[in-house]
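Contents: one structure, followed by commentary.
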Amino acid sequence: MYLPDPRLYPRVNAKNPVIRSLMAFLTASEPADAQQKRQALDEVVRELLLTGDHYGLNGALTQAPTQDAYKVLWKTLRDAVEQPAAAGTHAVPFALPIVFVAGRKGDTRLAGEVDAGAILALLREHGVIAADADVWLGNALIGSEQLAAVNPTQLSRWQDGITVAGPLPAELAPAPIAFKDEGVFVRYLVGVAIQPAAAEPVIRLGGAVGSWGMPLAQLLSDAFKQTGLTLFPIPRVPQSWLAAQEAGRVTVLETRLQVAASNALRSIRSKGRTPVITLAAHEGGEIRLTFSSREDAERWEGYVWPLAPLDSAEQVHAFVEDLMRECQVDDVVVVETIQPDLDTDGLPFFVTAHNRPVQQQ
C-alpha cells in the first residue's frame, strides 16, 4: 500500500538566485557540468551567509520546488555553516537533544536547568568529548523555539568569532517543563567546543548513543526526582545545531506516537475489542493516524504527524508499520488517496474503521 505525500510545492522561481543555481545543478546532465554547478550553488549560499542575509536563505528554502530540491539545498546550507571555509581553529556550536516522557497526577512542573558540569564530565569520561578539550556546556534546558531562533548566519558568525569556550552570545533562557498527568517533551542542552586546527575532532557529533546514554538518563532522572513522578529521559547524541533541531523534532513525534499507541491499544484491548489502525495523508501536509475497533463505531482516538520539509510520507508509514508490528496489531489500513483537512462541519477529518475515506473527484 502507498501513502501519498499531501504537500504542495511552489513552482520554480527562476528570479531567485539560489533557486536558479539549485535547479541548474539538479538538471545538469554531464558530471563535469554538475560539478561546476555544484560549486556555483555552494558559492551563492556562502555569499548569503557571509553577508548575513538570513531572509534570502530562508526565502530560498521556502521556495524549493520539490522535496529533493529542499534536501539538496538544506545539505548545502548545513555544509556551509558547519564546515569552515578555511582551515584553522574554529568554534563548533552544538546541541544535545533530550526527550522527556513524564507522568504524574495533577499539575507538575520540572525545573529548566540541570548540572551541566556533571553531564560534561560524563561525556568526557565516555570519550564523546576529549578530556582536554576547551568546551562549554550550559545548564539551561532550551526549548525548540529558542534553538530555531538562532539562524544559520548567526551560527556561521559564531564559528569564526568565538575563540574561547563560554556562554553563547544569544538569549537562551531555561524552558521548564509543565504538564498535567502526562506528556512528552523535547529540550536541548547547548554548548560550544573550540576545535584546534589540524587536530582530531574534540567532540564526537552524530552517530549512535553509546554506553553513556543510560548513565545520563539516570543522572537526569535523579535530578528531577519528585514524589509520584514517573520520568523517562531519552538523550540523543550531541549534534551540530541544525541537525539537533531535526533529531529532536523527529524523536519527540515518534515518542508521542508510541505513547499514544500504547494508551489507545491498552484501552481497546481491555474491553475485549479488536484494534484497527488507519493511516491517511491529509490536505495541509499532515499524516493522521486513528486507533479504533471493529466492534465500536463511536469511540476512537487520533494522532497527527505534521510533515516538516525533511519528513517523507514513506518514512512515517514505515515507522507506523514497524510500531504496529511490535504492538501485535494485524489490521493496519493505509488510505491511498489524499484526504480533506476538514469534514462537512468544519472539524478536522479523520478516517476510522467506520468513518470511510473520502473519494476525491
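Quick one: is G183 under 30 Å from M324 (Cα atoms), of a type outside the set (S, T, Y) and surrounded by fewer than 14 Cβ atoms within 10 Å (Cβ to Cβ)?
no
I'd like to check something: does the stretch 110-119 contain any residue that is in contact with a strand residue (DSSP E or B) (Cβ under 6 Å, 6 or more places away or on another chain), under 27 Å from T227 (Cβ atoms) and part of a strand (DSSP E or B)?
The answer is yes, given that some residue of the stretch 110-119 is in contact with a strand residue (DSSP E or B) (Cβ under 6 Å, 6 or more places away or on another chain), under 27 Å from T227 (Cβ atoms) and part of a strand (DSSP E or B).
Keeping to the stretch 255-278, report how many residues are in a helix (DSSP H, G or I) and either buried (at least 18 other Cβ atoms within 10 Å of the Cβ) or not charged (D, E, K, R) (or both).
Matching residues across the stretch 255-278 total 14.
Just a yes or no: is a residue in the stretch 310-319 farther than 30 Å from A243 by Cβ, free of Cβ contacts under 8 Å to residues at least 24 places away in the same chain and either among the polar types (S, T, N, Q) or touching a strand residue (DSSP E or B) at 6+ places or on another chain (Cβ under 6 Å) (or both)?
Taking every residue of the stretch 310-319 in turn, none turns out to be farther than 30 Å from A243 by Cβ, free of Cβ contacts under 8 Å to residues at least 24 places away in the same chain and either among the polar types (S, T, N, Q) or touching a strand residue (DSSP E or B) at 6+ places or on another chain (Cβ under 6 Å) (or both).
Name the residues in the stretch 145-165 that are surrounded by 12 or more Cβ atoms within 10 Å (Cβ to Cβ) and not in a helix (DSSP H, G or I), would you?
Matches in the stretch 145-165: V150, N151, I162, A165.
What number of residues within the stretch 212-229 satisfy the criterion of being surrounded by 11 or more Cβ atoms within 10 Å (Cβ to Cβ) and of a type in the set (S, T, Y)?
Result for the stretch 212-229: 1.
Among the residues of the stretch 9-23, which ones are closer than 24 Å to S312 by Cα and assigned to a helix (DSSP H, G or I)?
V18, I19, L22, M23 - these are the residues of the stretch 9-23 that are closer than 24 Å to S312 by Cα and assigned to a helix (DSSP H, G or I).
With respect to L49, is the statement that it is closer than 18 Å to A80 by Cα, assigned to a helix (DSSP H, G or I), in contact with a helix residue (DSSP H, G or I) (Cβ under 6 Å, 6 or more places away or on another chain) and modelled with pLDDT of 95 or more true?
no
Just one of A131, A95 is assigned by TED's automatic domain parsing to the domain that holds V190, touching a strand residue (DSSP E or B) at 6+ places or on another chain (Cβ under 6 Å), outside any helix (DSSP H, G or I) and not polar (S, T, N, Q); which is it?
A95
Would you confirm, using the coordinates I've provided, whether A193 is surrounded by fewer than 19 Cβ atoms within 10 Å (Cβ to Cβ) and of a type outside the set (S, T, N, Q)?
no
Go over the candidates A64, A80, A95 one by one and state the one that is under 20 Å from R11 (Cβ atoms), touching a residue at least 24 places away in the same chain (Cβ under 8 Å) and crowded, with 17+ Cβ neighbours inside 10 Å.
A64
Could you grab the pairs with beta carbons closer than 7 Å, sequence gap of 6+ or different chains, first residue in the stretch 198-213 and without any contact (Cβ under 8 Å) to a residue 40 or more places away in the chain, second one part of a loop (DSSP other than H, G, I, E, B) and charged (D, E, K, R)?
Note: pairs meeting the criteria are V209/R236.
Output the residues belonging to the stretch 170-224 that are among the charged types (D, E, K, R), farther than 22 Å from G143 by Cβ and in contact with a Gly (Cβ under 8 Å, 6 or more places away or on another chain).
R204
What are the pairs, 6+ residues apart or on separate chains, where a residue within the stretch 238-266 that is farther than 28 Å from Q83 by Cβ has its Cβ under 8 Å from a residue that is at pLDDT 95 or above and part of a helix (DSSP H, G or I)?
Every condition considered, the pairs that remain are E254/F319; L257/F319; L257/V320; L257/L323; Q258/L323; A261/L323; A261/M324.
Limited to the stretch 283-304, what total is found for residues that are aromatic (F, W, Y) and in contact with a Leu (Cβ under 9 Å, 6 or more places away or on another chain)?
2
Within the stretch 107-117, is even one residue over 20 Å from V252 (Cα atoms), surrounded by fewer than 20 Cβ atoms within 10 Å (Cβ to Cβ) and not charged (D, E, K, R)?
Yes, that holds for at least one residue.
The values are calculated or read from the model by the stated rules, or taken from the named source; none is laboratory data. Model, not experiment: these values are computed from the prediction. Every residue, glycine as well, gets a Cβ built from its backbone with ideal geometry; the counts of neighbours run over all protein chains shown.
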